[in-house]
Amino acid sequence: SYHFKDSSLFNSNQYIHILEISPNRQISIVPSPILIETSTLSKEIGAKASINGSFFKFVAGHNYEDYNSVDYIRLDNTVLAPNTYTNNSRAFHQLGAFAIFNNNYYILKADCVKDWEKYIRADHIITSGPLLIIDREAQSLKNHTFYTTRHPRTALAIDKENNILFITVDGRAKEANGMSLEELMNTFRWLGVKSLLNLDGGGSTTMYISGKGVVNHPTDNRLFDNNGERKVANIISVK
């Protein structure tokens, strides 16, 4: 973790956490039938560490058969949630996927096939996005407020040694301003990652480590502390 306190990164204060995970570790996509805090679900499954996952329906008190997800989830070759489409088109948070096949980990780029996810040969899949880097190539970004405004961010990366990186960037505080997606992409281009996938950010951004608890600064309590977790629909964990 590192705290840029002197406006030295993008002329802003930034608090970044990166957890580097060996590719021989067991990483899991973990959906919940009810909205739940990242730390609570992590403790329930005995995770060593977790970050919040992909995007979901943020309606308190409602439980859905699709695990509250608006993005595709497949576990053990069983589809638990389909993509939710608006105007029959793929959303920005469905432009990439994290896939697990034979205990190998992949970040993938969506193609022009509408139901692209169904044809991925993998045991476990979750879609998210936007995809920021693939095969070391920066991806073009839209001129849209979700892309250009600074927010807390959660992301998943694969580095040149095939380690998996869990990433959080704090925001919405004077101590940590958050990043635009271009700033997030450039930070990890400088660090030399092969692939980088944006996950759900904003108030959902959370990193939990066993024995330490929540290590970043979630924002739902509007305080710069570790206690402002939002309930989410899924997490990505390491055991």
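The values are calculated or read from the model by the stated rules, or taken from the named source; none is laboratory data. Note that the structure is predicted; figures quoted are calculated from it, not measured. Neighbour counts are summed over all protein chains in view; Cβ atoms, including those assigned to glycine, are modelled from backbone coordinates with ideal geometry. Ligands, DNA and RNA are excluded from the accessible area calculation, which covers all protein heavy atoms including side chains. Shrake-Rupley method; radii C 1.70, N 1.55, O 1.52, S 1.80 Å.
Of all residues in the stretch 122-142, those being open to solvent by less than 30 Å² (accessible area, probe 1.4 Å) and free of Cβ contacts under 8 Å to residues at least 12 places away in the same chain number 0.
Taking the numbered list (1) among the small types (Gly, Ala, Ser); (2) under 15 Å from the mean Cα position of the chain (by Cα); (3) over 25 Å from GLY203 (Cβ atoms) in turn, ALA110 passes all entries but (2). Annotation: of all residues in the stretch 179-192 being out of contact with any helix residue (DSSP H, G or I) (no Cβ under 9 Å at 6 or more places or on another chain) and either open to solvent by less than 10 Å² (accessible area, probe 1.4 Å) or hydroxyl-bearing (Ser, Thr, Tyr) (or both), the one that is nearest to GLY228 (Cα to Cα) is LEU184. Residue-level check: of (1) touching a His at 6+ places or on another chain (Cβ under 8 Å); (2) open to solvent by less than 30 Å² (accessible area, probe 1.4 Å), GLU175 misses just (2). Just a yes or no: is a residue in the stretch 31-46 part of a strand (DSSP E or B), hydroxyl-bearing (Ser, Thr, Tyr), within 20 Å of SER128 (Cα to Cα) and within 14 Å of the chain's Cα centre (by Cα)? No, that holds for no residue. Each residue in the stretch 7-58 was checked for being of a type in the set (S, T, N, Q), closer than 22 Å to LEU191 by Cα and open to solvent by 30 Å² or more (accessible area, probe 1.4 Å), and 5 of them qualify.
Tally the residues that are free of Cβ contacts under 8 Å to residues at least 60 places away in the same chain, surrounded by fewer than 19 Cβ atoms within 10 Å (Cβ to Cβ) and either closer than 21 Å to THR205 by Cβ or touching an Asp or Glu at 6+ places or on another chain (Cβ under 6 Å) (or both), restricting the search to the stretch 143-167. Qualifying residue count, the stretch 143-167: 6. Would a scan of the stretch 179-189 turn up a residue that is touching a Lys or Arg at 6+ places or on another chain (Cβ under 9 Å), at negative phi, aliphatic (A, V, I, L, M) and part of a strand (DSSP E or B)? Checked against the condition, which is being touching a Lys or Arg at 6+ places or on another chain (Cβ under 9 Å), at negative phi, aliphatic (A, V, I, L, M) and part of a strand (DSSP E or B), the stretch 179-189 yields at least one hit.
When ASN83 is tested against the conditions (1) assigned to a loop (DSSP other than H, G, I, E, B); (2) among the polar types (S, T, N, Q); (3) surrounded by fewer than 16 Cβ atoms within 10 Å (Cβ to Cβ), the lone failure is (3).
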